[in-house]
Amino acid sequence: MQLSISAIVIRHLQGNTESDFSISLTEASWYGSILFIIHPFGCFLSGVLQERFGKKYCMIFANIPSTIGWTLLYLAQSSLFLYASTLLMGFSIAVGAGAVQHAYIGEITEPRLRGAMASITNTAAYFGILVSFTLSSFFDWRTVALLSTLCPIICILLIIFIPESPIWLIAKGKHEKAEKAICWLRGWVDSETVKPELSNLLHYNNVSGTIGTQDSNVVTNDSKNLLSKLAQFKKPSVYRPMKLIMIYFFTSYIVNLTPGKPFIGKIMTEVGLRDHQSICLIIFSILQMIGSVILILTIRRFRKRFLTLVTTSINSALLLLFSVYIVAMKNNCIKSIQWIPLTLIGGIYLSGGSGVACIPWMLIGEVFPNKSRGIATGVCAGMSYLLLFALTKSYLTVEMFLSIEYSMCLFGCIGIFGLIYLYFYLPETENKTLLEIEEFFT
(Lines give C-alpha, C1' and ligand atoms only; values in the text may rest on other atoms or scores of the structure.)
Protein backbone atom coordinates (compact mmCIF):
# COMPACT_ATOMS: atom_id res chain seq x y z
CA MET A 1 0.00 0.00 0.00
CA GLN A 2 2.95 2.29 0.69
CA LEU A 3 4.35 1.55 -2.77
CA SER A 4 1.11 2.46 -4.54
CA ILE A 5 -0.07 5.54 -2.64
CA SER A 6 2.20 7.92 -4.58
CA ALA A 7 0.43 7.07 -7.86
CA ILE A 8 -2.92 7.87 -6.22
CA VAL A 9 -1.77 11.16 -4.70
CA ILE A 10 0.00 12.32 -7.89
CA ARG A 11 -3.10 11.56 -9.96
CA HIS A 12 -5.23 13.68 -7.62
CA LEU A 13 -2.86 16.59 -6.94
CA GLN A 14 -0.67 17.19 -10.00
CA GLY A 15 -1.88 20.44 -11.54
CA ASN A 16 -5.25 20.16 -9.75
CA THR A 17 -6.33 23.71 -8.80
CA GLU A 18 -9.54 22.47 -7.18
CA SER A 19 -7.70 20.53 -4.47
CA ASP A 20 -6.50 21.92 -1.08
CA PHE A 21 -3.09 22.23 -2.69
CA SER A 22 -1.51 21.05 -5.93
CA ILE A 23 1.94 19.84 -6.97
CA SER A 24 3.98 20.55 -10.09
CA LEU A 25 5.46 17.95 -12.45
CA THR A 26 8.87 18.37 -10.77
CA GLU A 27 7.35 17.89 -7.31
CA ALA A 28 5.48 14.84 -8.58
CA SER A 29 8.75 13.42 -9.91
CA TRP A 30 10.41 13.86 -6.52
CA TYR A 31 7.43 12.54 -4.60
CA GLY A 32 7.19 9.46 -6.82
CA SER A 33 10.86 8.59 -6.39
CA ILE A 34 11.88 9.88 -2.95
CA LEU A 35 10.31 6.81 -1.34
CA PHE A 36 13.39 4.87 -2.39
CA ILE A 37 16.15 7.33 -1.46
CA ILE A 38 16.02 6.47 2.26
CA HIS A 39 16.05 2.73 1.55
CA PRO A 40 19.84 2.17 1.53
CA PHE A 41 20.15 3.59 5.05
CA GLY A 42 17.12 1.66 6.30
CA CYS A 43 18.27 -1.62 4.71
CA PHE A 44 21.80 -1.23 6.07
CA LEU A 45 20.39 -0.48 9.52
CA SER A 46 18.09 -3.50 9.28
CA GLY A 47 21.10 -5.69 8.48
CA VAL A 48 22.80 -4.55 11.67
CA LEU A 49 19.65 -4.67 13.82
CA GLN A 50 18.54 -8.14 12.75
CA GLU A 51 21.95 -9.55 13.63
CA ARG A 52 21.70 -8.01 17.10
CA PHE A 53 17.98 -8.18 17.98
CA GLY A 54 16.59 -10.78 15.57
CA LYS A 55 14.26 -10.54 12.62
CA LYS A 56 10.99 -10.60 14.56
CA TYR A 57 11.71 -7.42 16.53
CA CYS A 58 12.98 -5.68 13.39
CA MET A 59 9.67 -6.39 11.67
CA ILE A 60 7.78 -4.96 14.65
CA PHE A 61 9.98 -1.85 14.69
CA ALA A 62 9.49 -1.31 10.94
CA ASN A 63 5.78 -0.63 11.41
CA ILE A 64 6.29 2.38 13.72
CA PRO A 65 7.57 4.84 11.06
CA SER A 66 4.90 3.49 8.72
CA THR A 67 2.15 4.52 11.15
CA ILE A 68 3.64 8.01 11.49
CA GLY A 69 4.05 8.29 7.70
CA TRP A 70 0.40 7.49 6.98
CA THR A 71 -0.68 10.01 9.64
CA LEU A 72 1.49 12.74 8.12
CA LEU A 73 0.07 12.01 4.69
CA TYR A 74 -3.48 12.35 6.00
CA LEU A 75 -2.59 15.74 7.53
CA ALA A 76 -0.55 16.95 4.51
CA GLN A 77 -1.02 20.57 3.42
CA SER A 78 2.03 20.95 1.15
CA SER A 79 4.56 18.97 -0.85
CA LEU A 80 6.92 19.02 2.17
CA PHE A 81 4.40 16.93 4.12
CA LEU A 82 4.23 14.52 1.19
CA TYR A 83 8.03 14.19 1.12
CA ALA A 84 8.21 13.60 4.89
CA SER A 85 5.48 10.96 4.82
CA THR A 86 6.98 9.04 1.93
CA LEU A 87 10.46 9.13 3.52
CA LEU A 88 9.05 7.50 6.66
CA MET A 89 7.21 4.92 4.57
CA GLY A 90 10.38 4.22 2.60
CA PHE A 91 12.31 3.73 5.85
CA SER A 92 9.62 1.32 7.03
CA ILE A 93 9.77 -0.71 3.82
CA ALA A 94 13.58 -0.79 3.97
CA VAL A 95 13.82 -2.00 7.55
CA GLY A 96 10.97 -4.51 7.30
CA ALA A 97 9.88 -5.90 3.98
CA GLY A 98 13.01 -4.97 2.04
CA ALA A 99 15.46 -7.18 3.88
CA VAL A 100 14.22 -8.79 7.09
CA GLN A 101 11.01 -10.32 5.78
CA HIS A 102 12.57 -12.24 2.89
CA ALA A 103 15.54 -13.39 4.97
CA TYR A 104 13.11 -14.52 7.68
CA ILE A 105 11.02 -16.54 5.23
CA GLY A 106 14.17 -18.05 3.72
CA GLU A 107 15.22 -19.28 7.17
CA ILE A 108 11.92 -20.60 8.58
CA THR A 109 10.64 -22.62 5.60
CA GLU A 110 11.54 -26.08 4.34
CA PRO A 111 13.47 -26.13 1.02
CA ARG A 112 10.56 -27.70 -0.88
CA LEU A 113 8.20 -24.90 0.21
CA ARG A 114 10.56 -21.92 0.28
CA GLY A 115 9.73 -20.65 -3.20
CA ALA A 116 5.96 -20.86 -2.73
CA MET A 117 6.09 -19.27 0.72
CA ALA A 118 8.30 -16.41 -0.51
CA SER A 119 5.90 -15.78 -3.40
CA ILE A 120 3.02 -15.34 -0.97
CA THR A 121 4.68 -12.12 0.22
CA ASN A 122 4.52 -10.79 -3.33
CA THR A 123 0.86 -11.78 -3.56
CA ALA A 124 0.27 -9.84 -0.34
CA ALA A 125 2.08 -6.82 -1.80
CA TYR A 126 -0.03 -6.90 -4.96
CA PHE A 127 -3.14 -7.33 -2.81
CA GLY A 128 -2.12 -4.17 -0.95
CA ILE A 129 -1.79 -2.30 -4.24
CA LEU A 130 -5.22 -3.60 -5.30
CA VAL A 131 -6.76 -2.48 -1.99
CA SER A 132 -5.21 1.00 -2.36
CA PHE A 133 -6.46 1.50 -5.91
CA THR A 134 -9.89 0.13 -5.01
CA LEU A 135 -10.17 2.47 -2.04
CA SER A 136 -9.07 5.40 -4.23
CA SER A 137 -11.99 4.74 -6.58
CA PHE A 138 -14.42 5.29 -3.67
CA PHE A 139 -12.60 7.79 -1.43
CA ASP A 140 -10.26 10.73 -1.81
CA TRP A 141 -6.55 10.26 -1.14
CA ARG A 142 -6.75 11.61 2.44
CA THR A 143 -9.36 9.02 3.43
CA VAL A 144 -7.26 6.28 1.81
CA ALA A 145 -4.28 7.42 3.92
CA LEU A 146 -6.38 7.44 7.10
CA LEU A 147 -7.74 3.93 6.49
CA SER A 148 -4.23 2.70 5.62
CA THR A 149 -2.98 3.76 9.08
CA LEU A 150 -4.73 0.69 10.49
CA CYS A 151 -2.48 -1.68 8.51
CA PRO A 152 0.84 -1.24 10.39
CA ILE A 153 -1.01 -1.32 13.73
CA ILE A 154 -2.67 -4.64 12.84
CA CYS A 155 0.66 -5.90 11.51
CA ILE A 156 2.40 -5.28 14.85
CA LEU A 157 -0.33 -7.19 16.69
CA LEU A 158 0.03 -10.17 14.33
CA ILE A 159 3.84 -10.32 14.37
CA ILE A 160 3.84 -10.60 18.17
CA PHE A 161 2.46 -14.14 17.85
CA ILE A 162 5.06 -15.58 15.44
CA PRO A 163 8.38 -17.10 16.59
CA GLU A 164 11.88 -15.82 15.95
CA SER A 165 13.99 -17.45 13.21
CA PRO A 166 15.38 -20.78 14.54
CA ILE A 167 18.65 -20.18 12.67
CA TRP A 168 19.12 -16.83 14.44
CA LEU A 169 18.28 -18.43 17.81
CA ILE A 170 20.85 -21.19 17.25
CA ALA A 171 23.45 -18.57 16.32
CA LYS A 172 22.75 -16.94 19.70
CA GLY A 173 23.06 -20.27 21.52
CA LYS A 174 19.34 -20.40 22.36
CA HIS A 175 18.84 -23.99 21.27
CA GLU A 176 15.74 -24.70 23.38
CA LYS A 177 13.94 -21.64 22.00
CA ALA A 178 15.01 -22.70 18.48
CA GLU A 179 13.47 -26.13 19.04
CA LYS A 180 10.20 -24.57 20.27
CA ALA A 181 10.17 -22.22 17.26
CA ILE A 182 10.55 -25.14 14.83
CA CYS A 183 7.76 -27.04 16.61
CA TRP A 184 5.51 -23.97 16.20
CA LEU A 185 6.47 -23.45 12.56
CA ARG A 186 5.86 -27.08 11.59
CA GLY A 187 2.31 -27.04 12.95
CA TRP A 188 2.66 -27.24 16.75
CA VAL A 189 4.29 -30.68 16.59
CA ASP A 190 6.27 -32.33 19.42
CA SER A 191 10.04 -32.04 19.78
CA GLU A 192 10.69 -35.60 18.58
CA THR A 193 9.20 -34.76 15.19
CA VAL A 194 11.57 -31.85 14.58
CA LYS A 195 14.77 -33.43 15.95
CA PRO A 196 16.18 -34.31 12.48
CA GLU A 197 15.53 -30.77 11.21
CA LEU A 198 17.03 -29.22 14.35
CA SER A 199 20.10 -31.43 13.89
CA ASN A 200 20.43 -30.21 10.28
CA LEU A 201 20.15 -26.56 11.37
CA LEU A 202 22.81 -27.09 14.05
CA HIS A 203 25.05 -28.63 11.39
CA TYR A 204 24.34 -25.74 9.01
CA ASN A 205 25.22 -23.13 11.63
CA ASN A 206 28.32 -25.11 12.58
CA VAL A 207 29.52 -25.31 8.95
CA SER A 208 28.74 -21.61 8.47
CA GLY A 209 30.73 -20.70 11.57
CA THR A 210 27.76 -19.03 13.27
CA ILE A 211 26.77 -21.47 16.01
CA GLY A 212 26.61 -19.90 19.46
CA THR A 213 27.32 -21.42 22.84
CA GLN A 214 24.36 -22.62 24.86
CA ASP A 215 22.42 -19.74 26.48
CA SER A 216 24.95 -17.18 25.29
CA ASN A 217 24.12 -14.07 23.36
CA VAL A 218 27.28 -13.99 21.28
CA VAL A 219 28.67 -15.92 18.38
CA THR A 220 31.72 -17.73 19.62
CA ASN A 221 33.93 -17.60 16.58
CA ASP A 222 32.99 -14.31 14.91
CA SER A 223 33.40 -10.85 16.39
CA LYS A 224 30.27 -8.80 16.21
CA ASN A 225 31.85 -5.55 15.20
CA LEU A 226 30.78 -3.86 12.01
CA LEU A 227 34.14 -4.06 10.28
CA SER A 228 34.19 -7.85 10.50
CA LYS A 229 30.74 -7.93 8.92
CA LEU A 230 31.78 -5.64 6.08
CA ALA A 231 34.89 -7.76 5.51
CA GLN A 232 32.57 -10.60 4.50
CA PHE A 233 31.85 -8.76 1.23
CA LYS A 234 35.34 -9.62 -0.03
CA LYS A 235 34.42 -13.30 -0.09
CA PRO A 236 33.14 -14.88 -3.35
CA SER A 237 30.22 -16.43 -1.45
CA VAL A 238 28.95 -12.87 -0.84
CA TYR A 239 30.01 -10.69 -3.77
CA ARG A 240 29.13 -13.22 -6.47
CA PRO A 241 25.45 -13.59 -5.49
CA MET A 242 25.25 -9.83 -4.84
CA LYS A 243 26.40 -9.05 -8.40
CA LEU A 244 23.88 -11.55 -9.76
CA ILE A 245 21.00 -10.18 -7.68
CA MET A 246 21.73 -6.53 -8.57
CA ILE A 247 21.74 -7.30 -12.31
CA TYR A 248 18.53 -9.28 -11.82
CA PHE A 249 16.93 -6.34 -9.97
CA PHE A 250 17.93 -3.91 -12.73
CA THR A 251 16.45 -6.17 -15.40
CA SER A 252 13.32 -6.79 -13.30
CA TYR A 253 12.64 -3.10 -12.68
CA ILE A 254 13.05 -2.24 -16.36
CA VAL A 255 10.95 -5.02 -17.91
CA ASN A 256 8.15 -4.54 -15.37
CA LEU A 257 7.90 -0.78 -16.02
CA THR A 258 8.51 -0.24 -12.29
CA PRO A 259 10.12 3.23 -12.71
CA GLY A 260 6.98 4.41 -14.52
CA LYS A 261 4.44 3.13 -11.98
CA PRO A 262 4.15 6.40 -10.00
CA PHE A 263 3.40 8.10 -13.35
CA ILE A 264 1.10 5.39 -14.71
CA GLY A 265 -1.73 7.93 -15.06
CA LYS A 266 0.43 10.04 -17.37
CA ILE A 267 1.48 6.97 -19.37
CA MET A 268 -2.13 5.86 -19.84
CA THR A 269 -3.14 9.34 -21.00
CA GLU A 270 -0.33 9.42 -23.58
CA VAL A 271 -1.33 6.08 -25.10
CA GLY A 272 -5.05 6.88 -25.31
CA LEU A 273 -6.35 5.42 -22.03
CA ARG A 274 -7.90 8.70 -20.83
CA ASP A 275 -11.20 7.32 -19.58
CA HIS A 276 -11.86 5.16 -16.52
CA GLN A 277 -8.25 5.26 -15.30
CA SER A 278 -9.27 4.18 -11.78
CA ILE A 279 -10.81 1.01 -13.22
CA CYS A 280 -7.68 0.40 -15.32
CA LEU A 281 -5.49 0.66 -12.21
CA ILE A 282 -7.69 -1.88 -10.42
CA ILE A 283 -7.48 -4.21 -13.44
CA PHE A 284 -3.67 -3.92 -13.50
CA SER A 285 -3.52 -4.67 -9.77
CA ILE A 286 -5.76 -7.72 -10.17
CA LEU A 287 -3.57 -8.99 -13.01
CA GLN A 288 -0.43 -8.57 -10.88
CA MET A 289 -2.08 -10.51 -8.06
CA ILE A 290 -3.23 -13.26 -10.44
CA GLY A 291 0.34 -13.48 -11.72
CA SER A 292 1.71 -13.90 -8.20
CA VAL A 293 -0.87 -16.64 -7.49
CA ILE A 294 0.24 -18.39 -10.70
CA LEU A 295 3.81 -18.16 -9.37
CA ILE A 296 2.80 -19.79 -6.07
CA LEU A 297 1.11 -22.65 -7.93
CA THR A 298 3.84 -23.24 -10.51
CA ILE A 299 7.17 -22.49 -8.82
CA ARG A 300 7.66 -25.98 -7.38
CA ARG A 301 7.05 -27.57 -10.78
CA PHE A 302 8.82 -25.14 -13.12
CA ARG A 303 11.27 -23.60 -10.63
CA LYS A 304 12.76 -20.14 -10.46
CA ARG A 305 15.25 -20.25 -13.34
CA PHE A 306 12.73 -21.37 -15.97
CA LEU A 307 10.07 -18.91 -14.81
CA THR A 308 12.62 -16.10 -14.81
CA LEU A 309 13.69 -16.74 -18.41
CA VAL A 310 10.13 -17.17 -19.69
CA THR A 311 8.64 -14.08 -18.03
CA THR A 312 11.64 -11.88 -18.91
CA SER A 313 11.25 -12.94 -22.55
CA ILE A 314 7.51 -12.20 -22.54
CA ASN A 315 7.90 -8.78 -20.91
CA SER A 316 10.71 -7.75 -23.27
CA ALA A 317 8.57 -8.73 -26.26
CA LEU A 318 5.53 -6.85 -24.89
CA LEU A 319 7.58 -3.69 -24.34
CA LEU A 320 8.83 -3.81 -27.94
CA LEU A 321 5.26 -4.37 -29.18
CA PHE A 322 4.11 -1.46 -27.01
CA SER A 323 6.73 0.73 -28.69
CA VAL A 324 5.62 -0.36 -32.16
CA TYR A 325 1.96 0.37 -31.30
CA ILE A 326 2.73 3.91 -30.06
CA VAL A 327 4.83 4.68 -33.17
CA ALA A 328 2.04 3.41 -35.42
CA MET A 329 -0.57 5.40 -33.51
CA LYS A 330 1.44 8.65 -33.59
CA ASN A 331 2.09 8.28 -37.32
CA ASN A 332 -1.63 7.70 -37.96
CA CYS A 333 -0.98 4.20 -39.30
CA ILE A 334 -3.68 2.94 -36.95
CA LYS A 335 -6.32 4.63 -34.83
CA SER A 336 -6.05 4.75 -31.06
CA ILE A 337 -7.61 1.48 -29.89
CA GLN A 338 -7.93 1.37 -26.10
CA TRP A 339 -7.87 -2.40 -25.70
CA ILE A 340 -4.39 -2.69 -27.29
CA PRO A 341 -2.41 -0.62 -24.71
CA LEU A 342 -4.66 -2.02 -21.97
CA THR A 343 -3.75 -5.56 -23.06
CA LEU A 344 -0.03 -4.80 -23.43
CA ILE A 345 0.34 -3.06 -20.04
CA GLY A 346 -1.85 -5.68 -18.40
CA GLY A 347 0.25 -8.43 -20.00
CA ILE A 348 3.43 -6.86 -18.60
CA TYR A 349 1.93 -6.80 -15.09
CA LEU A 350 0.54 -10.34 -15.34
CA SER A 351 3.74 -11.83 -16.72
CA GLY A 352 5.94 -9.90 -14.28
CA GLY A 353 3.87 -11.03 -11.32
CA SER A 354 4.31 -14.63 -12.52
CA GLY A 355 8.08 -14.48 -12.26
CA VAL A 356 10.57 -11.73 -12.99
CA ALA A 357 9.02 -9.11 -10.67
CA CYS A 358 8.92 -11.42 -7.65
CA ILE A 359 11.77 -13.92 -7.92
CA PRO A 360 14.70 -11.58 -7.09
CA TRP A 361 13.07 -10.93 -3.71
CA MET A 362 12.90 -14.69 -3.12
CA LEU A 363 16.55 -15.12 -4.07
CA ILE A 364 17.71 -12.39 -1.70
CA GLY A 365 16.77 -14.58 1.27
CA GLU A 366 18.49 -17.66 -0.13
CA VAL A 367 21.75 -16.85 -1.89
CA PHE A 368 23.81 -15.28 0.91
CA PRO A 369 25.77 -17.35 3.46
CA ASN A 370 24.43 -17.62 6.98
CA LYS A 371 27.35 -15.75 8.55
CA SER A 372 26.66 -12.59 6.56
CA ARG A 373 23.01 -13.02 5.56
CA GLY A 374 21.70 -10.23 7.76
CA ILE A 375 24.09 -7.50 6.62
CA ALA A 376 24.25 -8.81 3.01
CA THR A 377 20.47 -8.87 2.52
CA GLY A 378 20.28 -5.39 4.05
CA VAL A 379 22.98 -3.94 1.79
CA CYS A 380 21.64 -5.72 -1.31
CA ALA A 381 18.07 -4.55 -0.70
CA GLY A 382 19.35 -1.04 -0.02
CA MET A 383 21.31 -0.96 -3.27
CA SER A 384 18.29 -2.28 -5.17
CA TYR A 385 16.11 0.52 -3.81
CA LEU A 386 18.79 3.12 -4.54
CA LEU A 387 18.79 1.79 -8.10
CA LEU A 388 15.00 2.04 -8.18
CA PHE A 389 15.18 5.63 -6.92
CA ALA A 390 17.60 6.54 -9.73
CA LEU A 391 15.44 4.82 -12.35
CA THR A 392 12.19 6.37 -11.07
CA LYS A 393 13.66 9.86 -10.71
CA SER A 394 15.09 9.72 -14.24
CA TYR A 395 12.03 8.14 -15.88
CA LEU A 396 10.31 11.40 -16.84
CA THR A 397 13.62 12.84 -18.10
CA VAL A 398 14.25 9.77 -20.26
CA GLU A 399 10.70 9.90 -21.58
CA MET A 400 10.96 13.61 -22.43
CA PHE A 401 14.31 13.05 -24.17
CA LEU A 402 13.44 9.87 -26.10
CA SER A 403 9.60 10.12 -26.17
CA ILE A 404 7.47 7.35 -24.71
CA GLU A 405 7.68 5.04 -27.73
CA TYR A 406 11.47 4.91 -27.81
CA SER A 407 11.63 4.66 -24.02
CA MET A 408 9.59 1.45 -24.29
CA CYS A 409 11.89 0.25 -27.06
CA LEU A 410 14.93 0.94 -24.86
CA PHE A 411 13.37 -0.97 -21.97
CA GLY A 412 12.62 -3.94 -24.23
CA CYS A 413 16.22 -4.04 -25.50
CA ILE A 414 17.59 -3.86 -21.94
CA GLY A 415 15.31 -6.78 -21.10
CA ILE A 416 16.87 -8.85 -23.89
CA PHE A 417 20.41 -8.16 -22.63
CA GLY A 418 19.29 -9.02 -19.09
CA LEU A 419 17.76 -12.25 -20.37
CA ILE A 420 21.08 -13.28 -21.93
CA TYR A 421 22.97 -12.62 -18.69
CA LEU A 422 20.46 -14.53 -16.55
CA TYR A 423 20.49 -17.46 -18.98
CA PHE A 424 24.22 -17.95 -18.43
CA TYR A 425 24.64 -17.02 -14.76
CA LEU A 426 21.40 -17.65 -12.84
CA PRO A 427 21.54 -20.98 -10.94
CA GLU A 428 18.54 -22.97 -9.79
CA THR A 429 17.88 -22.57 -6.04
CA GLU A 430 14.43 -24.13 -5.78
CA ASN A 431 14.31 -27.22 -3.53
CA LYS A 432 17.96 -26.68 -2.55
CA THR A 433 19.03 -26.35 1.07
CA LEU A 434 20.64 -23.10 2.17
CA LEU A 435 23.91 -25.00 2.65
CA GLU A 436 23.83 -26.32 -0.94
CA ILE A 437 23.22 -22.80 -2.29
CA GLU A 438 26.05 -21.39 -0.14
CA GLU A 439 28.45 -24.08 -1.37
CA PHE A 440 27.54 -23.33 -5.02
CA PHE A 441 28.62 -19.68 -4.76
CA THR A 442 31.67 -20.55 -2.70
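Details
- Rough spin-label spacing in nm, given labels placed 7 Å along Cα→Cβ, for ALA328 and MET117: 4.7 nm
- Per residue value of the accessible surface for segment 369-442 (all protein chains in place, 1.4 Å probe), Å²: 42 Å²
- Scattering profile of the chain at q = 0.08, 0.10 Å⁻¹ [log10 I(q)/I(0), Debye over alpha-carbon scatterers]: -0.45, -0.70
- Counting only whole DSSP H helices of the chain, the ones at least 27 Å long by C-alpha along their axis and with mean Kyte-Doolittle hydropathy no lower than -0.5 are 55-75, 111-138, 236-255, 277-330, 373-402, 404-425.
- Segment 121-197 and segment 303-341 have Cα centres separated by 36 Å.
- Accessible-area composition of segment 48-202, carbon plus sulfur, in percent [1.4 Å probe]: 73 percent
- Taking all protein chains together and a 1.4 Å probe, the residues ARG142, ARG114, ARG303 rank ARG303, ARG142, ARG114 from largest to smallest accessible area.
- The mean sequence separation of alpha-carbon pairs under 8 Å and at least six residues apart, normalised by the residue count of the chain, gives a relative contact order of 26 percent.
- Stretched out straight at 0.36 nm per residue, the stretch from LEU202 to ILE160 would grow longer than its current Cα-Cα span by 12.6 nm.
- Separation in nanometres of the label points that stand 7 Å from Cα toward Cβ, at LEU150 and GLU176: 4.1 nm
- Area projected by the alpha carbon convex hull of segment 136-196, averaged over all directions, nm²: 6.4 nm²
- Amide H to amide H, with H built 1.01 Å from N, GLN14 comes under 5 Å of ILE23, counting only residues 5 or more places away or on other chains.
- Translational diffusion of segment 20-143, µm² s⁻¹ [Kirkwood Rh, Cα pairs; Stokes-Einstein; 25 °C; 0.890 mPa s]: 154 µm²/s
- Per-atom-type breakdown for segment 253-404 gives carbon and sulfur 71% of the accessible area (1.4 Å probe, protein chains only).
The values are calculated or read from the model by the stated rules, or taken from the named source; none is laboratory data. Everything quoted here is computed from the prediction, not taken from an experiment. Here the Cβ is made from the backbone with ideal geometry for all residues, glycine too, and neighbour counts use every protein chain on show. Just so you know, the surface numbers come from the protein's heavy atoms only, side chains and all, with ligands and any DNA or RNA stripped out. Shrake-Rupley method; radii C 1.70, N 1.55, O 1.52, S 1.80 Å.
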